[in-house]
């Protein structure tokens, strides 16, 4: 049978491409001593946090804490003889983007995800993590339903957190107002835009009344508001002894500044959403005097572990670590402990190990994970005093 030159050339070309593809494939996949070395010696961990959007300050600081912890872990020899390799994604402060990121990270074969920060963004990630059976550790999602299925009341097998709950911090502030500040009545002026602030308002009111106090007025604002003076003037007429302001620093700083401009001198309190350097920048140190908020730790704490963390963070990022940085750091450290306890980097076994953590020495307090995957730990009240954060 006659063979054309064109056919011969085609066969030769296909043969050459096949050889090249084979060589290329061998280089890409490698063997145990070569190309697969990185895959064998690293444990992939997802970081899915708010690096842009309205809450970029929270997410960026938490991410910094996570990275610092991972670097320290790797410098100390890693976990089970392997280094942690983080894969970073920006959820843009959006629940749907958090969900998309989690799907992408699951495709990267991560063994756990750190973040997001907010309860809404964690809710976006949760179905993906549950479906893929990959543990998620939420650094700062404080809503009641983060780790529990609202319909069944069942604890979600793969969702954990290292922060306290909204109910816990609201009750702590109510107790502080009643018993430390000795106030007898209060007004609530909080954000109505998100479940975080609405939950704090609800739990504070319940605890304050149960403790013998009286709520004399309740008002709300919408996230993004800039002018609070009319409502503050209305609340001033109620002669409150305390003002509870559940919300994020983006509005709270302006609200407090305007309250002081109106000569409202009574103590003002809130939750961990206040924790940001921008509070002092916007409100001013003097306006923040006699204000208090529940928080996860104090940067001024002199204990050796916290002092070491603060020093390392400040050296790396040229700023002091807020509570979100500390919570991010703790989330990475507790994950490393769970991998070690599990004995292998298997997501299901890591989740089981996380559920059994006891007396973990975190920067934000010694914690044990309870049956609802929440940490049992202390809550700090922070006072602003001449721009400084003082633990009460």
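Every number here is computed from the coordinates shown, using simple stated rules; none is lab data. Quick caveat, the model's predicted, so the values are computed rather than measured. So basically every Cβ, Gly included, is an ideal-geometry build from the backbone, and we count neighbours across all protein chains shown.
Quick rundown of the values:
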| item | result |
| --- | --- |
| Equivalent ellipsoid semi-axes - Cα gyration tensor, region 347-392, angstrom | 31, 10, 8 |
| Segments 217-224, 141-148 sorted - mean Cβ within 10 Å per residue, highest first | 141-148, 217-224 |
| Kirkwood hydrodynamic radius of region 167-295, Cα pairs, Å | 14.1 Å |
| Volume per residue that the Cα convex hull of region 225-306 spans, once the total is divided by residue count, Å³ | 94 Å³ |
| Using alpha-carbon coordinates, inclination of helix 5-29 to the longest axis of the chain, degrees | 40 degrees |
| Ordering of 120-132, 227-239, 357-369 by packing [mean C-beta count within 10 Å, highest first] | 120-132, 357-369, 227-239 |
| Relative packing of peptides 276-288, 249-261 - highest average C-beta neighbours within 10 Å first | 249-261, 276-288 |
| Pairwise centroid distance, computed over Cα atoms, of region 318-355 with region 239-303, Å | 30 Å |
| Antiparallel bridge percentage (DSSP; both residues within the chain; nearest 5) | 35 percent |
| On Cα atoms only, tilt of 95-107 relative to the major axis of the chain in degrees | 30 degrees |
| Among [x] 25.3, 106; [y] 34.6, 148; [z] 20.8, 62, the entry derived from the coordinates for Rg and Dmax of the Cα atoms in Å | [x] |
| Degrees separating the helix 56-75 axis from the principal Cα axis of the chain, which is the longest one | 50 degrees |
| Compactness of region 115-232 as Cα Rg over 2.2 N^0.38 Å, two decimals | 1.25 |
| Ellipticity estimate at 222 nm from DSSP helix runs (n ≥ 4, -39,500 (n - 2.57)) divided over the chain, nearest 500 | -14500 deg cm²/dmol |
